Amino acid sequence: MFCKNCGNEIPEGTKFCANCGQAVEESMPNGGSSYSYTPPQNTTVYTTAPGSEAKSKMAAGLLGIFLGGFGIHNFYLGFTNKALIQLLVSLIGGVITCGLATVAMEIWGLVEGIQILTGTINTDAQGVPLKD
Ligand SMILES: [Zn+2]
């Protein structure tokens, strides 16, 4: 039979995979109460999920002020939908409206940049407070 975890071939009757140490679940109908050993789980649990680290208020604010028209600060903070709207309206809408939409998005970004710096916006998309 083969290890469900890594696919290594295991001799019959072996309870643990020699390759990865995973307990081998034999398909025994008469329920194995002999399993007292719980294999070490892969406890490389992401207690701090990637991206949940506090982001810089200063960086986000400045991005908003200088590049806010393209939604860069919202990409940075994880507000991807809003960022995409700003980016697309700024680029595509800007072409259609001879730059008017771009100016509007820049004002929006500028306002949000200021709101970030003044603390009106003080968390990222995951609700993680921004750090100074
Ligand atoms: Zn294995």
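For the reader, a short list of remarks on this structure follows.
- Test for GLU53: is it more than 30 Å from VAL103 (Cβ to Cβ), more than 16 Å from the ligand (Cβ to nearest atom) and at pLDDT 80 or above: yes
- GLY21, sole failed condition from (1) within 16 Å of the ligand (Cβ to nearest atom); (2) modelled with pLDDT under 85; (3) surrounded by 10 or more Cβ atoms within 10 Å (Cβ to Cβ): (2)
The values are calculated or read from the model by the stated rules, or taken from the named source; none is laboratory data. Quick caveat, the model's predicted, so the values are computed rather than measured. Backbone-built Cβ (ideal geometry, glycine too); neighbour counts: all protein chains shown.
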